[in-house]
1. How many residues are within 14 Å of chain B (Cβ to nearest Cβ) and buried (at least 19 other Cβ atoms within 10 Å of the Cβ) when one looks only at region A:50-78?
2. With the structure loaded, tell me whether A:I276 is under 30 Å from B:I294 (Cβ atoms) and modelled with pLDDT of 95 or more or whether it fails that test.
3. Take A:M134 and decide whether it is aliphatic (A, V, I, L, M), touching a strand residue (DSSP E or B) at 6+ places or on another chain (Cβ under 9 Å) and surrounded by fewer than 18 Cβ atoms within 10 Å (Cβ to Cβ).
4. Collect the residues in region B:248-305 that are facing chain A (nearest Cβ under 7 Å) and aromatic (F, W, Y), keeping them in residue-number order.
5. Taking the conditions exactly as written (under 20 Å from B:P29 (Cα atoms), more than 23 Å from the chain's Cα centre (by Cα) and more than 7 Å from every other protein chain (Cβ to nearest Cβ)), does B:V341 satisfy them or not?
6. Only one of A:L20, A:L45, A:L12, A:L65 is over 24 Å from A:N257 (Cβ atoms) and aliphatic (A, V, I, L, M); which?
7. Taking only pairs six or more apart or across chains, which ones have beta-carbon atoms under 9 Å, a first residue in region B:9-29 that is over 20 Å from B:G68 (Cα atoms), and a second residue that is among the aliphatic types (A, V, I, L, M) and surrounded by fewer than 20 Cβ atoms within 10 Å (Cβ to Cβ)?
8. Determine whether A:L89 is closer than 30 Å to A:I370 by Cα and in contact (Cβ under 8 Å) with a residue 24 or more places away in the chain.
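The values are calculated or read from the model by the stated rules, or taken from the named source; none is laboratory data. Remember, predicted model here, so these are calculated numbers, not experimental data. Methodologically, a virtual Cβ is constructed for each residue, glycine included, from the backbone with ideal geometry; neighbour enumeration extends over all protein chains shown.
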Amino acid sequence: MYSQKKCIAMLLAGGQGSRLYALTTKVAKPAVSFGAKYRIIDFTLSNCVNSNIDTVGVLTQYQPLVLNEYIGNGQPWDLDRTFGGVHILPPYQAKNGSEWYKGTANAIYQNLSFIENYDPEHVLILSGDHIYKMDYNMMLNEHIKNDADCTIAVLEVPLTEASRFGIMNTDDMGRITEFEEKPAHPKSNLASMGIYIFKKDKLFKYLIADNADPTSQNDFGKNIIPKMLNSGCKMQAYPFKGYWKDVGTIQSLWEANQDLIGDNPSFDIYNPFWKIYSRNIGIEPQYIAKDAIITNSLITDGAKIEGTIINSVIGSSVEVKKGAVVKDSVIFANTIIGSGSIIEYSIIDENVIIDKNVHIGHAKDTNSSIAVIGRGVHIFDDVVIKAGANIEEDVKKKGKEE
Amino acid sequence: MKALAIIFSNIHNETIDELTRKRTTASIPFGGRYRLIDFALSNLVNAEVVNVGILAQNNYQSLMDHLGSGKDWDLSRKNGGLVIFPPTTNYKSDTLYSSRLAALISIKGFIESQMEELVVLSDCDSVNLIDFNDVFDQHLATNADITILYRRGKCEKDLEQHMNFTIDKNKRITSAQLKSKPNEITNSCINVFVINRRLLQGLLEEAITQGMESFHRDLIFNNIKSLKIYGYDYDGVYLHINSMENYFKNNMKLLQEETRNQLFGDKNHRIYTKVRDSAPTRYGFSAKVENSFIADGCEIEGTVINSILFRGVKVGRGTVIKNSIIMQDTITGDNVKLNYVITDKNVTIRSRNNLSGCEKIPYYLNKNTMI
């Protein structure tokens, strides 16, 4: 336990997530709420601890305060370890100056000495904005068995969508022969999931070389992987089967939340042997009042429901008052929805106050888009907010507004 | 740090036999996700009492499992924190201690080695929100040797066996009776005491040399005149769990907004419990839920009315659960009908069963029963 670590994880959590608009104005993407009681990063952290990876460096940069406080000492994920555990790694000032993380590869480069501390044989690189359950240990075993310099987890995607991803072309032994970032005419449908395991020595070598190259964008997908491939490193693809979702957009975040409900949810979070851990504070159970109507929804602790909830995901301590209707929506923690208000096809962030008889969004159909209300916003009585709106400031009634 | 606390975990093991067959009073499940001891521990932690000893006499496996290192109550500390005292044999013979006093004597060494000035002695047979800082303030202001918490009011059946006091206008207890008559207006002891630690040490020494047996009779009742014993009127929420009838009635009180607000309304006074990392509760297309208090981790396809569901309960299609308390990990099949039923942990009820009790005598199903 106190000797060398076999594999440690570095979790990239510094991205701004600008395509989540109002949801990420004040928090980093990995700290955005998901599935009623989780934050996006919970899934990756839980995967780590469920895969017996007990040392995780979390690289933060953009709006880290909520994320830092949330992760704390890592106790909720059982990552408060004597040797190892979870560590927040922000950019820092060094003797020869200081700089922001310029790219994913640069972020790891600046923390090589953190990795060196544990002297691992392998380093697992993860990103904190995906929803999935994966046993990294099995991937590591494959990586070791293949004696690969780098193993990249890949997912089969429909060929029509393949041009949105980094596509791996492999030989019949699973060895990567070619890597194309967002190709117009993809030759295979194996998309990179942004999960890499490197031999530590190779990783160090290429990161140091990459840092010395002024033309590089210091990015794993754009620079490190192509360079290793070109110089003949042994690169393996590790095929992953199961649910995986990049929640980088409002639409995909909404879809991933919907994947938790339905008759047979496509993403199962009820497996007692693969728990998803999250920071819990002492909140009482939810109370469903007499006149409440609830169908096909996910609701968590502290919620008080007097209204109607249909096809929705409701976060902790949310109050839905009498006569309010929440349909096809995702409501984050501590939000209050006043009586008579109607929320359709929307995502409402934490600590939002919605007064009486407000109408947000439009019934879900092929043309409508999702309305988003940002953290802490107050929507006053009788306001109407259109489908697809992105609200970051309080809205008072002045006829129709968005 | 002003005070340490000692909690008695086995109190009503006889009067609430069904629920304590395999557990202590302290670990009786309550209110969807709690155990009774959570309320006592949360009150203490919220008053910054972070040195807590728990006296366990029997059946304390479930209690130890629940408490773990105490970190869920923020009681995993270098200084103080949580300590569980398993039983030692009686100081005179080879039998297990059988009284509150003997239990205290068994941890006399612990009490002597602590630094705090005050000791809280508390049962955990009730759900309450005692503000211990306020109790300490009164204790110090009156310069009391012992402060005893009481409830003033018509003595209900559940407090009949409790001591009661007459109290003068300065809150000093002037006389005491060991039992109360029902329906009289009394000041009933709720078995929470604050006592100066050095005095407690002395009283325990005396108890050993004189072979005393009863905490209430020998230490309190007989010292009413010689010690400065004061009463503290606790008039907040008090849900006493000392019989099955009370257990059912008081759980059901959580369906009233008033009780929920009293217990959970103050966000600065959280009630902590063991974290189980349950997923949120999922309601299916055919779910119908009315006036119910539901913990996380449930999967509901059927109908739930006027009921309390603990964590991880599964309600099958066409199943109707009414007026019931369904404990952790109970699974019901399809088209089951339950009315006035209490299921203990891990009960499985196969499809098409129909079980019914009544309000006074709810139908109780043992832990791990399968029907």
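1. Let us first name the residues in region A:50-78 that are within 14 Å of chain B (Cβ to nearest Cβ), namely A:50, A:72-78.
This time we only want the ones that are buried (at least 19 other Cβ atoms within 10 Å of the Cβ), so: A:50, A:74, A:76-77.
Qualifying residue count for the region: 4.
2. yes
3. Spelling it out, it is not the case that A:M134 is aliphatic (A, V, I, L, M), touching a strand residue (DSSP E or B) at 6+ places or on another chain (Cβ under 9 Å) and surrounded by fewer than 18 Cβ atoms within 10 Å (Cβ to Cβ).
4. B:F264, B:Y272, B:Y283, B:F285, B:F293
5. Details: under 20 Å from B:P29 (Cα atoms): yes; more than 23 Å from the chain's Cα centre (by Cα): no; more than 7 Å from every other protein chain (Cβ to nearest Cβ): yes.
Answer is no for this residue.
6. Working: A:L20 fails: over 24 Å from A:N257 (Cβ atoms); A:L45 fails: over 24 Å from A:N257 (Cβ atoms); A:L12 fails: over 24 Å from A:N257 (Cβ atoms).
After applying the criteria, what remains is A:L65.
7. B:T15/B:M244; B:I16/B:M244; B:D17/B:M244; B:E18/B:M244; B:L19/B:M244
8. Values: closer than 30 Å to A:I370 by Cα: no; in contact (Cβ under 8 Å) with a residue 24 or more places away in the chain: yes.
The answer is no for A:L89.
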